[in-house]
1. So which of 337, 272, 312 is among the small types (Gly, Ala, Ser), under 20 Å from residue 15 (Cβ atoms) and in contact (Cβ under 8 Å) with a residue 12 or more places away in the chain?
2. Within region 370-377, identify whether any single residue is touching a residue at least 40 places away in the same chain (Cβ under 8 Å), closer than 19 Å to residue 224 by Cβ and crowded, with 18+ Cβ neighbours inside 10 Å, and answer yes or no.
3. For a quick check of your reading of the model, give me the residue pairs whose first member lies in region 236-255 and is assigned by TED's automatic domain parsing to the domain that holds residue 357 and closer than 18 Å to residue 27 by Cα, whose second is assigned to a helix (DSSP H, G or I) and among the aromatic types (Phe, Trp, Tyr), with beta-carbon atoms closer than 7 Å and at least 6 apart or on different chains.
4. Within region 103-110, identify whether any single residue is more than 29 Å from residue 325 (Cβ to Cβ) and more than 20 Å from the chain's Cα centre (by Cα), and answer yes or no.
5. Which helices (runs of 4 or more DSSP H) does region 88-163 wholly contain that include 2 or more residues that are surrounded by fewer than 21 Cβ atoms within 10 Å (Cβ to Cβ), of a type in the set (S, T, N, Q) and touching a residue at least 12 places away in the same chain (Cβ under 8 Å)?
6. Could you please give the count of residues in region 355-398 that are within 20 Å of residue 290 (Cα to Cα) and part of a helix (DSSP H, G or I)?
7. State which residue pairs qualify: first residue touching a residue at least 12 places away in the same chain (Cβ under 8 Å) and within 11 Å of residue 138 (Cα to Cα) and inside region 4-17, second residue among the hydroxyl-bearing types (Ser, Thr, Tyr) and crowded, with 22+ Cβ neighbours inside 10 Å in any location, beta carbons under 8 Å apart, and separation of 6 or more residues or different chains.
8. Output the residue which, of all residues in region 249-273 that are of a type outside the set (Gly, Ala, Ser) and over 20 Å from residue 143 (Cα atoms), is modelled with the highest pLDDT.
Amino acid sequence: MEKSKFPWKIVIAAMLIQGGAMGIVANTQGILFSAIINDLGFRAGDLSLYYLIRSIVSALTVTTTTRWFFTKNHKLVIGALGSMYTLSVCAMSMFGHLWQWYIAAAVSGIGMSCLMVILTIILNNWFASNNGTVIGITLSSSGVLGAVFSPILSRCITSFGWRMSAVITGLIAFCFIVLPGMFLLTPTPEEEGKQPFGEKAETAGTAKAAERSVPGYIFWLCLVAIGGCSALAQFNQQLPTFAQSLGYSLAVGAALTSCSMIGNLSGKVILGVMIDKLGVYRAAIILSLVIGSAFLLFLLGNGSPYLLYAAGIGYGTCYSVGGVLLSILLLNIYGAGTYRDKVSRLSALNAFIAAFVGSAFPYMYDLTGNWNLVLFCGMGICITAAAIYFYLSKQKYEEVPAE
């Protein structure tokens with residue numbers, strides 16, 4: 001079998017797909033929806049159901065679509081899913097009623113369901129070492145493209161209107177997702193007659209053939225740790241309101257949101273490097289404590305906006321939990337033989353948790369009149385996650401060679 005050179009083709013394809021799905025579409029959709037609300041007179045809450053429907057449908061279908069990608073013709077699967085996701089955005093140009101957006105949300109949910117899951121699995125397949133760093137850099141492309149495309153979309157809306165801008169967004173995303181997915185992406189190096197890249201490539205075949213006998217409760221511990229911390233990303237939507245509740249201006253709230261995006265972008269890369277250098281458990285513990293400390297600084301930051309900005313950067317690293325950490329943690333626990341199914345299952349449950357946690361935060365604020373309950377919950381979740389990762393680091397699992 002040919003020794004693999006650095007698989008630039010796979011990395012570039014994964015970065016384009018991640019950037020197109022999350023950076024161009026998901027991260028800028030609020031800009032498009034704001035213009036739609038102003039034009040058609042919808043209530044913000046009515047159109048926000050789009051996100052909830054999309055998340056629920058995605059969670060319900062991710063296990064099935066992930067299995068299809070790896071067991072059927074992967075080119076056709078990603079072509080069909082990517083087309084559903086991007087063309088549902090184009091179709092908004094013809095909408096005029098809320099129910100049409102709700103149908104588009106369901107279509108979009110199916111289309112995006114496994115896009116993020118398969119990328120981390122594919123990169124784990126192609127890299128026998130330093131996969132954490134590669135995954136971190138790859139997933140950070142969504143932040144870069146989101147930052148680049150946001151002002152472009154705003155200018156398009158001003159120049160052409162939101163309907164034409166929806167078409168432009170969908171077509172650009174189609175080029176970023178469907179084309180590299182069909183023509184550049186290969187699920188495993190073995191399909192091209194190559195070995196995984198890295199120092200451990202010579203033993204990768206043995207590792208990939210093995211699985212581990214893991215008690216069932218371990219999965220649920222992973223869900224508590226991963227699901228809890230990654231669901232905290234939903235607090236990002238409330239950062240401007242949070243800043244105003246402390247007496248700061250809207251400008252401070254906007255700057256705080258920008259700081260969280262800095263943490264989002266840098267956190268994925270830093271976490272990936274830490275995983276490769278320190279191991280997945282130590283890196284996970286450090287990340288949990290960083291996020292928990294950020295919530296503590298939020299609690300103490302009513303006297304200094306700069307303290308809030310520092311907290312915002314630390315808080316933004318929670319975006320790396322569901323992306324970089326999830327697949328590598330489960331690979332480390334279950335082994336390559338069975339971890340793929342665990343990743344799709346945990347991703348589905350994680351999406352459910354995030355969908356409902358995001359709607360719970362405002363109610364907690366309405367109930368108490370401040371954000372302190374949310375902040376204390378955030379600290380508690382992070383401390384619990386750190387304790388779970390420490391416990392997992394002490395566990396040993398019996399290897400079960402594949403037949």
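The values are calculated or read from the model by the stated rules, or taken from the named source; none is laboratory data. Predicted model, so just to flag it, every value in this text is computed and none were measured. Note that each Cβ is placed from the backbone with ideal geometry, even for glycine, and that neighbours are counted across all protein chains shown.
1. Every option except 272 fails the conditions.
2. Yes.
3. The qualifying pairs are 238/361; 255/309.
4. Yes, region 103-110 contains a residue that is more than 29 Å from residue 325 (Cβ to Cβ) and more than 20 Å from the chain's Cα centre (by Cα).
5. Answer list for region 88-163: 141-160.
6. Residues flagged as within 20 Å of residue 290 (Cα to Cα) and part of a helix (DSSP H, G or I) within region 355-398 amount to 22.
7. 11/138; 14/138; 15/138; 15/141; 16/141
8. 252
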